[in-house]
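To keep things clear, I will list the structure first and then write my remarks on it.
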Amino acid sequence: MTDETPHPDFKAGFAALVGRPNVGKSTLLNALVGEKLSIVTPRPQTTRHRIVGLVNRPGLQIAFVDTPGLHAGGKRALNRAMNRTAASALVDADLVVFVIEGLRWTEEDEAVMQRIRDSGRPAIAVVSKADLARPRESLLPFIQQLAECHPFRAIVPVSAARQENLEELVSVIGRELPQSPQLFDESDRTDRDPRFRITEIIREKLTLELNQEVPYGIAVEIERMEREVDQGSKRDVIHAVIWVDREGQKPIVIGAGGARLKRVGSTSRREIIALLGRRCHLELWVKVRENWADNAQALRTLGLE
């Protein structure tokens, strides 16, 4: 962070991306920042943590806060922790960015809308996946209905996949933020360190590989990360544990002859090398921690509480 005093016209603040699960918040964050910070899978509730992504423009710094999807019906301690993380980011934000999927409104969207009303925070609405709306003209009455249900400061349709209207969204948010010194160094892209990002890369590859075979009882923890010199050049050696919450899930994650775990390690390693900008050696183990998703101590150890 920085405490430099900016030009008096400089604006900076936290803009919390909130919405129901799988509505496109993480994809939007990555598109705005221009770098993959939040992992993305087709599975709802992929995002578990609060992740800050930074966008800098002349006279402006926006700290976007990606949050877990606010959801109902989660009975596990993990679900409750995720909801608390999202709700806390909403209340603490300078501006709430309510992400809604174009032409789709659900009971979960309504529940998020009520949280925004209760928070009293200023809010704008972002209609995501606007490129998928058919016919495109149907977005206009949808936007009008949104405008009637809450006094949003603005409603902005976007397509993160096609990079449509993202600069307009940045401009709209910038107008709503307070005058403030920079919150982070201009060279920063996120508040998360490489260790965290590596665990998320591995978890993303696991989620994509497993599809529906193992539900949400998977977590990743780096036990050791060391720098070594190999053949005259530096590389990172990373030892990571994949936690499952039932003994029966362990062979599913490993796969026949270890094939699945090898695939996860290979795809993760390629992305980790791109992140770190140097070679790495990745070792993965699968261990059982019974019912960790209902264990408050385990959630704290894994940074989820």
Taking first residues from the stretch 133-153 that are within 13 Å of residue 103 (Cβ to Cβ) and second residues anywhere that are of a type in the set (Val, Ile, Thr), the pairs with Cβ under 6 Å that are 6 or more apart or on different chains are 143/155; 146/155
Please determine, by comparing only the residues of the stretch 60-80 that are surrounded by fewer than 19 Cβ atoms within 10 Å (Cβ to Cβ) and hydrophobic (A, V, I, L, M, F, W, C), which one is modelled with the highest pLDDT. 77
Count - residues of the stretch 19-35 that are modelled with pLDDT under 95 and in contact with a helix residue (DSSP H, G or I) (Cβ under 9 Å, 6 or more places away or on another chain): 4
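Of the residues 189, 153, which is basic (Lys, Arg), in the same structural domain as residue 29 (by TED's automatic domain parsing) and either on the phi < 0 side of the Ramachandran plot or surrounded by 13 or more Cβ atoms within 10 Å (Cβ to Cβ) (or both)?
The conditions single out 153.
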Is it true that residue 233 is more than 24 Å from residue 21 (Cβ to Cβ), polar (S, T, N, Q) and modelled with pLDDT of 90 or more? no
Checked the stretch 125-174 for anything more than 18 Å from residue 33 (Cα to Cα) and of a type in the set (Ser, Thr, Tyr); matches are 138
Selection over the stretch 175-192 where residues are closer than 24 Å to residue 36 by Cα, in contact (Cβ under 8 Å) with a residue 60 or more places away in the chain and not β-branched (Val, Ile, Thr) yields a count of 9
Hits in the stretch 11-39 - residues which are in contact with a Gly (Cβ under 9 Å, 6 or more places away or on another chain), assigned to a loop (DSSP other than H, G, I, E, B) and either of a type in the set (D, E, K, R) or more than 19 Å from residue 184 (Cα to Cα) (or both): 19, 20, 21, 22, 23, 35
When you scan the stretch 46-57, do you find a residue that is outside the structural domain of residue 203 (by TED's automatic domain parsing), outside any helix (DSSP H, G or I) and touching a His at 6+ places or on another chain (Cβ under 9 Å), even just one? no
Residue 41: passes all of (1) closer than 21 Å to residue 161 by Cβ; (2) surrounded by 20 or more Cβ atoms within 10 Å (Cβ to Cβ); (3) modelled with pLDDT under 95 but (2)
Mind listing just one residue for me: the one in the stretch 222-266 that is buried (at least 17 other Cβ atoms within 10 Å of the Cβ) and among the charged types (D, E, K, R) and, of those, farthest from residue 288 (Cα to Cα)? 235
Regarding the stretch 97-109, can at least one residue be identified that is touching a Lys or Arg at 6+ places or on another chain (Cβ under 6 Å), more than 24 Å from residue 208 (Cα to Cα) and not in a loop (DSSP other than H, G, I, E, B)? yes
Can you tell me which residue within the stretch 193-207, out of those that are surrounded by fewer than 17 Cβ atoms within 10 Å (Cβ to Cβ) and touching a residue at least 40 places away in the same chain (Cβ under 8 Å), is nearest to residue 304 (Cα to Cα)? 196
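The values are calculated or read from the model by the stated rules, or taken from the named source; none is laboratory data. Nothing here was measured: the structure is a model prediction, and the numbers come from that model. Don't worry about glycine lacking a Cβ; one is built from the backbone with ideal geometry, like all the others, and counts go over all protein chains shown.
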